[in-house]
Amino acid sequence: MKISVIGCGYLGAVHAASMAELGHDVVGIDVDRLKVEALQQARAPFYEPGFEELLARSLGSGRLRFSVDMADARDAVLHFVCVGTPQKRGEYAADLRYVEAAAESLLEVLKPGDLVAGKSTVPVGTAARLAELVRGKVPGAMLAWNPEFLREGYAVQDTLHPDRLVYGLAPGDEGQAARALLDEVYATIVAAGTPQVVTDYATAEMVKTAANSFLATKISFINAMAELCEATGADVKQLADAIGHDDRIGRKFLNAGLGFGGGCLPKDIRAFMARAGELGADQALTFLREVDNINMRRRIRMVELAREVCDGSLLGKRVAVLGAAFKPDSDDIRDSPALNVAAQLQLQGAVVQVTDPAAGDNIRRSWPQLDVVDTAEEAAHRADAVLLLTEWKQYRDLDPVAFGSVVRQKRVLDGRNALDRDRWEAAGWSYRALGRRGG
């Protein structure tokens, strides 16, 4: 099938390369010429395990190319919209400028029988409005909503082997025709027995934001328990292990620590609240405001804990921050809790050295006030405290004995409850973590 992918950021670039991997003829369209040139040369503009190899393979097959010219999408019969929907400046609501611009641009190349499939995360009601626009301008063209469920660090796997396919379709014949096209493009995935949820536009739009809101709630729940554990002397890791054995609850996303960040969960739950308010259903989602508050309090508490272990003052203390991306296996620093903490430590007088295996260049561009070094050992040189704030494997696997020879004071703050506490304490380190008893 001839496919276009509109928007070649994180979602779109991975989707375009994956669709070519499945055997389709794909053109990725983006307004950013530098990004397009990099992708065309098989250079990934972001860090994602396995993506650069997939990109090179798909380009080499001749089934994938990138362009800045929307006219190159004219031959496609299915157009995936994969542009960003960031949070509006000064508001909770999603900024739909890029989605609307993509739809307007597509009108120039759409033909009767073509399908526009939205993958961007949008507020409820967006798909119905765009469907009217498409039908009104190009009779016979169709629109579906096909949300993405990518996890950064697993994006290639999640695209080629998703845990479900969701189709938001118009009623009647249009919906059936749209489903046939989606089933054709995902034929390999459908044949593997992947569950399908076929529904209306509104439900499909809500699936992603509802899922992210649930995950955010689960993370903030265990972090609220961490606050109580600190007040009572209980241990949040053991608490999470105990309740996680209940299969109605499960252990995933019950890792107490610094909380969530990134380009999806924070802005998605805020946009969900904003849209509920517009629909007069804001009371249904008031709990998400506290979910957000709990999450932000974790960052404040980590700074307080760092001050405590540094004898009550950060002034002049050397602090190593291990990890800056919002999660491991990513270079994404959007709304990164780790960077927020690092900046606060510096503002309170600490001499902060930050390191991250993938995000160094992004930090230097976006946070020039922070001192970035290449290795954990450089960051920890003569440090008074070491903070693990993103749980990269190389940090979890550090040898606490050898690492202890680098620092001035053997004090580690485990912001992700990811280290082997017994191992570090046996090597002479004092160990502290959010929601854990002091050692």
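The values are calculated or read from the model by the stated rules, or taken from the named source; none is laboratory data. Predicted model, so just to flag it, every value in this text is computed and none were measured. So basically every Cβ, Gly included, is an ideal-geometry build from the backbone, and we count neighbours across all protein chains shown.
The residue of segment 400-419 that is farthest from residue 256 (Cα to Cα), among those that are out of contact with any helix residue (DSSP H, G or I) (no Cβ under 8 Å at 6 or more places or on another chain) and in contact (Cβ under 8 Å) with a residue 12 or more places away in the chain, is 408. For segment 158-176, a residue qualifies if it is closer than 19 Å to residue 130 by Cα, touching a residue at least 40 places away in the same chain (Cβ under 8 Å) and among the hydrophobic types (A, V, I, L, M, F, W, C), and exactly one does: 166. Considering the conditions (1) acidic (Asp, Glu); (2) surrounded by fewer than 17 Cβ atoms within 10 Å (Cβ to Cβ); (3) closer than 28 Å to residue 333 by Cβ, residue 48 is excluded by exactly one of them, (2).
Quick grid of which residues meet (1) hydrophobic (A, V, I, L, M, F, W, C); (2) in contact with a helix residue (DSSP H, G or I) (Cβ under 7 Å, 6 or more places away or on another chain); (3) not in a loop (DSSP other than H, G, I, E, B):
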site: 214; (1), (2), (3): yes, no, yes
site: 223; (1), (2), (3): no, yes, yes
site: 226; (1), (2), (3): yes, yes, yes
site: 247; (1), (2), (3): no, no, no
site: 258; (1), (2), (3): yes, yes, no
site: 273; (1), (2), (3): yes, yes, yes
site: 277; (1), (2), (3): no, no, yes
site: 288; (1), (2), (3): yes, yes, yes
site: 295; (1), (2), (3): no, yes, yes
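Assessment of segment 324-345 against the conditions (free of Cβ contacts under 8 Å to residues at least 12 places away in the same chain and more than 17 Å from the chain's Cα centre (by Cα)) yields no matching residue. Residues that are within 35 Å of the chain's Cα centre (by Cα), exposed (fewer than 15 other Cβ atoms within 10 Å of the Cβ) and either touching a residue at least 24 places away in the same chain (Cβ under 8 Å) or part of a loop (DSSP other than H, G, I, E, B) (or both) within segment 125-141 comprise 125, 137, listed in sequence order. Look through 288, 265, 228, 239 and report the one residue that is surrounded by 18 or more Cβ atoms within 10 Å (Cβ to Cβ) and either over 27 Å from residue 343 (Cβ atoms) or not assigned by TED's automatic domain parsing to the domain that holds residue 334 (or both). Of 288, 265, 228, 239, the one residue that is surrounded by 18 or more Cβ atoms within 10 Å (Cβ to Cβ) and either over 27 Å from residue 343 (Cβ atoms) or not assigned by TED's automatic domain parsing to the domain that holds residue 334 (or both) is 239. Every listed requirement among (1) part of a loop (DSSP other than H, G, I, E, B); (2) of a type outside the set (Phe, Trp, Tyr); (3) buried (at least 18 other Cβ atoms within 10 Å of the Cβ); (4) under 28 Å from the mean Cα position of the chain (by Cα) is met by residue 362 save one, (1). In segment 71-105, how many residues are more than 15 Å from residue 4 (Cα to Cα) and in a loop (DSSP other than H, G, I, E, B)? Residues flagged as more than 15 Å from residue 4 (Cα to Cα) and in a loop (DSSP other than H, G, I, E, B) within segment 71-105 amount to 11.
Of the residues 54, 11, the single one that is touching a residue at least 24 places away in the same chain (Cβ under 8 Å), farther than 23 Å from residue 145 by Cα, crowded, with 16+ Cβ neighbours inside 10 Å and in contact with a Ser or Thr (Cβ under 9 Å, 6 or more places away or on another chain) is 54. Could you please let me know if residue 14 is in a strand (DSSP E or B) and within 19 Å of residue 155 (Cα to Cα)? Answer is no for this residue. Residues of segment 160-181 that are assigned to a helix (DSSP H, G or I) and either more than 25 Å from the chain's Cα centre (by Cα) or more than 21 Å from residue 13 (Cβ to Cβ) (or both): 172, 173, 174, 175, 176, 177, 178, 179, 180, 181.
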